[in-house]
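Written out below as structure tokens is the structure these notes cover.
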Amino acid sequence: MIGRFKLFSDPVHGFVSVPKDLILDLVQTPEVQRLRRIRQLGVGHMVFPGAEHSRFGHALGAMALMHDALASLGEKGTLLAGEDVQAALIAALLHDVGHGPFSHTLEHSLIAGIEHEDLSRALILRLNERFDGALSRALSIFDSECGTGLPPAWLHSLLSSQLDMDRLDYLRRDSYYTGVVEGRVGVGRIIRTLRVVHDDRLGRDRLVVEAKGRYAVENFLLSRRLMYWQVYLHKTVLSGDFLLRSIIGRVRDHLEGVLGQEAVDVAAGASTRFLFFLDNHFGPGDLTRNEVLSAFVDLDDTDIIFSLKAWSTARDPVLAHLCRRFLTRNFFRVSFLDEDDDVPPAGELRDRVAAWLRANGMIDSDRNVGHFLGTETTRHEAYSATRDGIGILRRDGQVEELADVAGSVMQPDTWSRKERTWVCCPKEALIAS
């Protein structure tokens with residue numbers, strides 16, 4: 001007998017079973033297979049050597065956790081029609097299909113004014129047309145549409161909320177591949193304590209956590225906070241992100257002809273797929289254009305690295321220098337203003353970078369300095385009690401907001417929005433001064 005499932009061996013969750021039906025057909029599409037060529041953590045592998053894992057593994061992992069959650073809920077009496085189970089698995093598989101090269105690093109650099117979720121939805125729509133409407137219910141879950149004849153609204157919470165299968169997988173997966181133990185989460189405990197109950201205040205069913213799973217949820221939220229500061233917003237990751245965006249800015253300077261006599265042929269040897277997005281200014285209105293989506297599906301990390309290698313020998317010393325720095329991991333120094341007290345004032349720092357550019361044969365115009373000197377503010381909110389909060393099901397059947405539970409460690413100063421401002425520039429510019 002031919003098996004009804006295809007098994008994928010996953011070091012994080014074990015064997016992932018993919019039904020040999022529509023779901024496996026979707027796994028084999030170019031849109032999903034492309035995720036194998038996109039690193040989950042962008043430039044994170046240049047900080048954590050083991051972080052070479054891809055968006056493809058995360059897509060399968062999120063789908064596997066969705067299956068486990070639905071199976072656990074089914075054992076507790078929350079039953080779903082087969083078509084809604086399949087739709088939920090498809091939504092989990094495709095939820096991040098819109099990520100571009102280097103994941104979040106270039107999210108706003110290729111198509112302005114959109115998030116990767118917008119691209120995911122556009123690609124799901126295109127796949128739905130290709131599969132004759134078979135993804136319509138999955139799209140309803142993705143869009144959080146509910147009503148007569150549609151999947152229940154609580155399915156969207158499993159896909160996208162403050163406690164969803166996406167976050168449970170990427171925290172567990174990223175912790176595994178980076179070796180950062182603070183990110184380890186009791187995924188099994190959380191999934192086994194999920195319940196669906198009717199909330200009279202909302203007038204509908206909602207996803208909650210049994211009281212005995214509260215500490216696992218709090219650990220999940222704290223782990224997410226720690227992973228942001230230790231991995232996702234690591235100084236070197238921020239520096240690599242800034243450097244890659246500076247390279248894109250410099251190439252666009254050439255393509256737009258604003259450099260005058262400095263202009264060089266950046267198209268020579270570079271990826272035509274990458275240049276297609278750099279030479280055009282696409283926005284939200286372009287997500288319905290088939291040629292834009294097709295070009296996006298053809299684009300992956302390889303196109304970026306290939307182009308950087310070509311530009312590393314460009315006649316433009318600024319572009320060549322930036323590309324060589326990235327390829328050799330000679331990133332800029334990043335300083336957080338709340339912890340580094342040796343950062344010069346903004347004006348002095350700008351003068352130091354300009355002097356360093358002149359000393360190294362690079363023109364010190366404002367545009368050039370901007371490629372080597374930057375400041376940004378990073379923000380992270382571990383949990384919001386007022387937006388899509390996590391409900392805790394007490395033993396008496398009442399649902400209580402997590403932040404209101406007596407003895408909760410998730411106090412406002414622990415989970416509230418935190419902001420940290422940082423500056424980056426070549427460390428040589430500081431040493432030389």
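Worth a mention:
- Some residue of region 348-362 being under 30 Å from SER157 (Cα atoms), among the aliphatic types (A, V, I, L, M) and in a loop (DSSP other than H, G, I, E, B): no
- Checking each residue in region 117-133 for being surrounded by 19 or more Cβ atoms within 10 Å (Cβ to Cβ) and under 14 Å from the mean Cα position of the chain (by Cα) picks out LEU119, SER120.
- All of LEU244, LEU207 fail the test of being part of a strand (DSSP E or B) and buried (at least 21 other Cβ atoms within 10 Å of the Cβ), apart from LEU207.
- Here the condition is being of a type in the set (Gly, Ala, Ser) and surrounded by 19 or more Cβ atoms within 10 Å (Cβ to Cβ); of GLY188, GLY183, GLY147, it holds for GLY183 alone.
- Pick from region 20-44, criterion without any contact (Cβ under 8 Å) to a residue 60 or more places away in the chain and not basic (Lys, Arg), ranking: farthest from HIS234 (Cα to Cα): LEU24
- For region 390-404, the tally of residues that are crowded, with 18+ Cβ neighbours inside 10 Å and farther than 16 Å from ARG206 by Cβ stands at 1.
- Qualifying residue in region 54-74 (condition: outside any helix (DSSP H, G or I), modelled with pLDDT of 95 or more and among the charged types (D, E, K, R)): no
- So ARG352, is it modelled with pLDDT of 85 or more and within 32 Å of the chain's Cα centre (by Cα): no
- Only residues that are assigned to a helix (DSSP H, G or I) and charged (D, E, K, R) were counted across region 162-204, and they come to 9.
- Qualifying residue in region 195-206 (condition: among the hydrophobic types (A, V, I, L, M, F, W, C) and within 27 Å of the chain's Cα centre (by Cα)): no
- Residues (surrounded by fewer than 20 Cβ atoms within 10 Å (Cβ to Cβ) and of a type in the set (S, T, N, Q)) located in region 299-314: THR302, SER312, THR313
- Hits in region 210-229 - residues which are surrounded by 16 or more Cβ atoms within 10 Å (Cβ to Cβ), under 30 Å from GLY44 (Cα atoms) and not charged (D, E, K, R): ALA216, VAL217, ASN219, PHE220, LEU221, LEU222, SER223, LEU226, MET227, TYR228
- Residue ranges of strands (runs of 3 or more DSSP E) in region 363-429 with at least 2 members of a type outside the set (A, V, I, L, M, F, W, C): 374-380, 399-401, 418-425
- Apart from one condition, PHE296 fits all of (1) hydrophobic (A, V, I, L, M, F, W, C); (2) surrounded by fewer than 22 Cβ atoms within 10 Å (Cβ to Cβ); (3) in contact (Cβ under 8 Å) with a residue 12 or more places away in the chain; the exception is (2).
- Set THR193, THR236: member being modelled with pLDDT of 95 or more, among the hydroxyl-bearing types (Ser, Thr, Tyr), under 24 Å from GLY397 (Cα atoms) and surrounded by fewer than 22 Cβ atoms within 10 Å (Cβ to Cβ): THR193
- Output for region 85-113, where each listed residue is under 13 Å from the mean Cα position of the chain (by Cα), in a loop (DSSP other than H, G, I, E, B) and surrounded by fewer than 22 Cβ atoms within 10 Å (Cβ to Cβ): GLU107, HIS108
- Summed over region 276-293, residues that are touching a residue at least 24 places away in the same chain (Cβ under 8 Å) and assigned to a loop (DSSP other than H, G, I, E, B) total 3.
- From the list GLY98, GLY113, the lone residue that is in contact with a Leu (Cβ under 6 Å, 6 or more places away or on another chain), more than 21 Å from ASP205 (Cβ to Cβ) and assigned by TED's automatic domain parsing to the domain that holds GLY44 is GLY98.
The values are calculated or read from the model by the stated rules, or taken from the named source; none is laboratory data. No experiment lies behind these values; they were computed from the predicted model shown. No Cβ is skipped: glycine too gets one built from the backbone with ideal geometry, and neighbour counts run over all protein chains shown.
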